[in-house]
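Worksheet: the structure to be examined is printed underneath.
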C-alpha cells in the first residue's frame, strides 16, 4: 500500500499538471516546479513536486529530503541520468542537472538558508551533507 506521502505527491502532481501550476505552483512564498527524472532501477519517468531557489537565471534544487539520513529518490535518479524535464507553471523544458560544486554550495547555502530557514534545521537533523543541484 502506498504511503500517505506518495499519495499526496501524486495528487499534487496531477493537480499541478491539470492546472498548469495555477493550483499547487506555490507553497507559501515558495514556488514549486515538477521535476521528472528517469527511475534508476525501473527506467520509468518519476515526477516529484519540489520547491526551488532562483539565483538569477539559475534554478537550484535542494536535496534535503526533510532532513532524513538518506538522499531523496529523485537525487539518486539524476546520478544515473542527469537529463530531466522541469515544468514551471505551463512551461515544460528538457534540461540537464548537475550537483553543485563545493564552491557553489558555499556561495548558495547562506542565501538558501536566508530564503528558507527550515533547510538549516534539516541539515542539523542529518549527518549527510545536503546536496544542491543546479538545473542547466
Can you tell me which residues in segment 24-35 are under 25 Å from residue 79 (Cβ atoms) and crowded, with 18+ Cβ neighbours inside 10 Å? 32, 33, 34, 35
Across segment 109-120, the tally of residues that are assigned to a loop (DSSP other than H, G, I, E, B) and either on the phi > 0 side of the Ramachandran plot or within 16 Å of the chain's Cα centre (by Cα) (or both) stands at 1
I'd like to check something: does segment 42-65 contain any residue that is exposed (fewer than 15 other Cβ atoms within 10 Å of the Cβ) and assigned to a helix (DSSP H, G or I)? no
Please tell me if residue 50 is out of contact with any helix residue (DSSP H, G or I) (no Cβ under 8 Å at 6 or more places or on another chain) and under 25 Å from residue 126 (Cβ atoms). no
On the given criteria, is residue 106 surrounded by fewer than 17 Cβ atoms within 10 Å (Cβ to Cβ), without any contact (Cβ under 8 Å) to a residue 12 or more places away in the chain and over 25 Å from residue 7 (Cα atoms)? yes
Taking segment 121-136 only, how many residues are buried (at least 16 other Cβ atoms within 10 Å of the Cβ) and not in a loop (DSSP other than H, G, I, E, B)? 6
Members of segment 10-38 found to be closer than 15 Å to residue 86 by Cα, without any contact (Cβ under 8 Å) to a residue 40 or more places away in the chain and in contact with a helix residue (DSSP H, G or I) (Cβ under 9 Å, 6 or more places away or on another chain), listed by number: 24, 32
Going by the structure shown, is residue 5 out of contact with any helix residue (DSSP H, G or I) (no Cβ under 7 Å at 6 or more places or on another chain), over 16 Å from residue 132 (Cα atoms) and loosely packed, with under 12 Cβ neighbours inside 10 Å? yes
Report, by residue number, each residue of segment 66-87 that is in contact with a strand residue (DSSP E or B) (Cβ under 6 Å, 6 or more places away or on another chain) and either assigned to a helix (DSSP H, G or I) or at pLDDT below 95 (or both). 74, 77, 78
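The values are calculated or read from the model by the stated rules, or taken from the named source; none is laboratory data. Bear in mind that the values here come from a model prediction, so they are computed numbers and not experimental data. Glycine also receives a Cβ, built like all others from the backbone with ideal geometry; neighbour counts cover every protein chain displayed.
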